[in-house]
Amino acid sequence: MKQFLATLVSWGPLGIFIVAALDSAGIPVPAAVDVLLLTLSAKDPANAYFVAMLTVIGSVAGCMFLFYAARKGGQAYLSRWPSTRAAKMSEWFERYGVATVFVTSLVPIIPTPTKAFVVSSGVFGVQPLVFFLVVLLARILHYFGLAYFGIQLGDGALAYLKSHGWHIAGFALGLSVALLTLLKVAEKVRAGQRR
């Protein structure tokens, strides 16, 4: 697998497109897409945003593949989880929906359970267009942001992001709290309108 990955990386932008698609489709890839994008952006700033665009397209395509696979057979995947965990995921998803997909798809470098939420989107009946738009927006912000860091910081981009991991985690937590607060407010407004 490492040789296969090294070959894909040597293909440059096309390689990262394939790696992003495989990773988002649920196929474990030993190297992180974020690291590859940062590296390619730092080495070739003139093409960084083109590489980011290909990464977005690959990642969204992979997510859509996993989403549709989950619509067909996701219950079997969730049945492997302990019933309490599956019930919590169902309850969480019913309440917060695709906001969870947005946050986990947006946060760079820090591992997040994006694939579990993508599968949940398919299983719990999220509309395909809504899912597509949420993932597209999150991935555009995520990958174009990483390309920007690669251009600005050059070879030090990865070290910078790793050394500021707590700041990124804090940003992600703040964003999550803000989104969940907005969802709760919207939920209360809708409940008030039904009365």
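Taken together, the values in this text are just the output of simple stated rules run on the coordinates, not laboratory data. Fair warning: this is a prediction, and the values are worked out from it, not measured in the lab. Here the Cβ is made from the backbone with ideal geometry for all residues, glycine too, and neighbour counts use every protein chain on show.
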Measuring from label point to label point, each 7 Å out along Cα→Cβ, what is the Tyr160 to Tyr148 span in nm? 1.2 nm
Taking R0 as 35 Å, what's the FRET efficiency between Leu141 and Trp11 from their Cβ-Cβ distance, rounded to 0.05? 0.85
Distance between modelled label sites at Leu182 and Ala69, nm, 7 Å Cα→Cβ extension: 3.1 nm
I need the phi-derived Karplus couplings for the range 128-136: 6.51 cos²θ - 1.76 cosθ + 1.60, θ = phi - 60°, integer Hz, Gly and Pro marked x. x, 5, 4, 4, 4, 5, 5, 5, 4
Once Lys and Arg are counted +1 and Asp and Glu -1 for all other residues with Cβ under 15 Å from that of Leu161, the total becomes -1
